[in-house]
Amino acid sequence: MRLENSFIPARGVGEKTERTLWQQGVTHWDEFEDGLLGPKTSENVRTFIADAHDHLDDPDASFFADFLPSGSLWRAYDNFAADACFFDIETTGLDSGRHEVTTVSLHRAGDTRTYVQGEDLTAERLREEFAESSMLVSFNGKRFDQPFLEDNFDLDVTTPHLDLLYLCKQVGLSGGLKAVESDLGIERDDEDVDGREAVRLWHRYDREEDDAALDRLVRYNREDAQNLRTLLETVHGRLRSDVFEPHV
């Protein structure tokens, strides 16, 4: 499902009205005609479509993040997938006021980069990465990863952010990232590393200069970021089947 199938960003159009349009065969912006809705709502749809085309050409995902209802940013993924940034962080604890970010992995356009504290993990690098991204994709990142980065690096992250934790709940998947991966059959190279072990690995590297511990931590962090792409594509397909396909 793409943005061009969506009418709910237009003022006055809710999910029920959108479904009615789809059932009438109006499944794309180009198929919308005056008379299908009331005069004022039709004008709102026309205005939205005209503006939306401009922002797709830019491209500008922020425009759609502002107009899509909460929980519907997934509809923009197919349009902006090429520059979507799947990201995950590791830290020394859960309190951004007392603990530090140790590694940050970002997966975009088939390439994964990992930044490490004390080496190349800087506010400038993160600003550059996020500025080059059409949208951010995380798992529980709105409540944890993004605020942690903002506090630790004095960032103001404005890139549209799609949090898979909430999308997974919409399709009946619950638990942490590894539990959801297990439910979907997504495998990892090292199943023995979790969040607590990631903290221990960092301390072994930081205090004992154990390079093997850092290598293992980085591999774990990179898999977190990379697996988010597989997870989103799976959840996106389920949402499309639930939200769009039954009405067309």
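Tell me which of these L37 doesn't satisfy, since it passes every other one: (1) in a helix (DSSP H, G or I); (2) open to solvent by less than 90 Å² (accessible area, probe 1.4 Å).
Here L37 clears every test but (1).
Taking the range 207-231 on its own, how many of its residues are farther than 22 Å from D183 by Cβ and either of a type in the set (S, T, Y) or touching a residue at least 40 places away in the same chain (Cβ under 8 Å) (or both)? Let's see the steps before the verdict.
Looking only at the range 207-231, we keep the residues that are farther than 22 Å from D183 by Cβ, and these are 207-219.
Imposing the further condition that a residue be either of a type in the set (S, T, Y) or touching a residue at least 40 places away in the same chain (Cβ under 8 Å) (or both) reduces the set to 214, 217-218.
Counting residues in the range 207-231 that are farther than 22 Å from D183 by Cβ and either of a type in the set (S, T, Y) or touching a residue at least 40 places away in the same chain (Cβ under 8 Å) (or both) gives 3.
Specify the residue that is surrounded by the fewest Cβ atoms within 10 Å (Cβ to Cβ); the eligible residues are those in the range 172-187 that are touching a helix residue (DSSP H, G or I) at 6+ places or on another chain (Cβ under 9 Å) and over 14 Å from F139 (Cβ atoms).
Going through the qualifying residues, I end up with G172.
Which ones in the range 6-32 are of a type in the set (D, E, K, R), open to solvent by 60 Å² or more (accessible area, probe 1.4 Å) and not in a loop (DSSP other than H, G, I, E, B)?
If the condition is that a residue be of a type in the set (D, E, K, R), open to solvent by 60 Å² or more (accessible area, probe 1.4 Å) and not in a loop (DSSP other than H, G, I, E, B), then E15, K16, R19, D30, E31 are the ones that fit.
Examine the range 5-16 for a residue that is out of contact with any strand residue (DSSP E or B) (no Cβ under 8 Å at 6 or more places or on another chain), over 24 Å from G237 (Cβ atoms) and among the polar types (S, T, N, Q), and state whether such a residue exists.
No, the range 5-16 contains no residue that is out of contact with any strand residue (DSSP E or B) (no Cβ under 8 Å at 6 or more places or on another chain), over 24 Å from G237 (Cβ atoms) and among the polar types (S, T, N, Q).
Does the range 139-150 include one or more residues that are farther than 19 Å from E100 by Cβ, open to solvent by 50 Å² or more (accessible area, probe 1.4 Å) and either in contact (Cβ under 8 Å) with a residue 40 or more places away in the chain or not basic (K, R) (or both)? Walk me through how you get there before you give the answer.
Kept after step one, since they are farther than 19 Å from E100 by Cβ, are these residues of the range 139-150: 139, 142.
With open to solvent by 50 Å² or more (accessible area, probe 1.4 Å) added as a condition, the list becomes 142.
Those left that are additionally either in contact (Cβ under 8 Å) with a residue 40 or more places away in the chain or not basic (K, R) (or both): none.
Among the residues of the range 139-150, not one is farther than 19 Å from E100 by Cβ, open to solvent by 50 Å² or more (accessible area, probe 1.4 Å) and either in contact (Cβ under 8 Å) with a residue 40 or more places away in the chain or not basic (K, R) (or both), which makes the answer no.
Going through the range 204-226 one residue at a time, which ones are more than 28 Å from C85 (Cα to Cα) and open to solvent by less than 70 Å² (accessible area, probe 1.4 Å)?
D210
The values are calculated or read from the model by the stated rules, or taken from the named source; none is laboratory data. Note that the structure is predicted; figures quoted are calculated from it, not measured. Because the Cβ atoms are built from the backbone with ideal geometry, glycine has one as well, and the counts that use them run over all protein chains shown. Calculation scope for accessible area: heavy atoms of the full protein, side chains included, ligands and nucleic acids excluded. Shrake-Rupley method; radii C 1.70, N 1.55, O 1.52, S 1.80 Å.
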